[in-house]
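One structure below.
The values are calculated or read from the model by the stated rules, or taken from the named source; none is laboratory data. Because the structure is predicted, anything quoted here is derived from the model rather than measured. All Cβ positions, glycine included, derive from the backbone under ideal geometry; neighbour counts span all protein chains shown. Ligands, DNA and RNA are stripped out before the accessible areas are found, and what is left, the full protein with its side chains, is counted by its heavy atoms. Shrake-Rupley method; radii C 1.70, N 1.55, O 1.52, S 1.80 Å.
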Amino acid sequence: QVQVVESGGGLVQPGGSLRLSCVASGVTSRLYAAGWYRQPPGKQREFVASIVTVGGVNYADDVNGRFTISLNGATVYLQMTTLKAEDTAVYYCTSAPLGYRLGSGFWGKGTQVTVSS
């Protein structure tokens, strides 16, 4: 049983910062990938960032340079800076243990991020 839980969402002003956290429990493999996706209102879910336990990271073009994904034990973080209104979305964390592809593993319920004045 694998459970993924996100936290840290909320309301932030444009130009501000926010850090999201994700804990994936029940993963037995030491080698896994984790990532963040988001779904803006009225749009489809899109890729944001990913990280693997061996240290590789990947970012979507529109967040590269503003967002940072990191891993500390069982917790995956997404540090978001210079936030824009376009970043408003429900953010989802996903965990892909060995044998799974990112996006085909386990998902959290999502956390709302709203960027507004």
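Just a few scattered comments:
- For LYS84, LYS43, LYS109, the ranking by accessible surface with the largest value first comes to LYS109, LYS43, LYS84, using a 1.4 Å probe.
- Separation of the range 22-88 and the range 98-114, taken as the distance between their Cα centroids, equals 9 angstrom.
- Hull shadow area, averaged, the chain [alpha-carbon convex hull, nm²]: 6.7 nm²
- Average accessible surface for the chain: 54 Å² per residue, computed with a 1.4 Å probe over protein heavy atoms with every protein chain in place.
- Charge tally in the Cβ shell below 14 Å around VAL52, where Lys, Arg are +1 and Asp, Glu are -1, VAL52 excluded: +2
- Summary value for the chain: 37 percent relative contact order, contacts being C-alpha pairs under 8 angstrom separated by 6+ residues.
- Vicinal HN-Hα couplings computed from phi for the range 6-12 (Karplus, 6.51 cos²θ - 1.76 cosθ + 1.60; Hz; Gly/Pro x): 9, 7, x, x, x, 9, 9
- Antiparallel %, DSSP beta bridges [both residues in the chain], to 5: 90 percent
- Surface share of carbon and sulfur [accessible, 1.4 angstrom probe, percent] for the chain: 48 percent
- Only Cα sites of the range 1-55 enter the Debye sum here, all with the same form factor; the resulting log10 I(q)/I(0) across q = 0.13 1/Å is -0.45, listed in q order.
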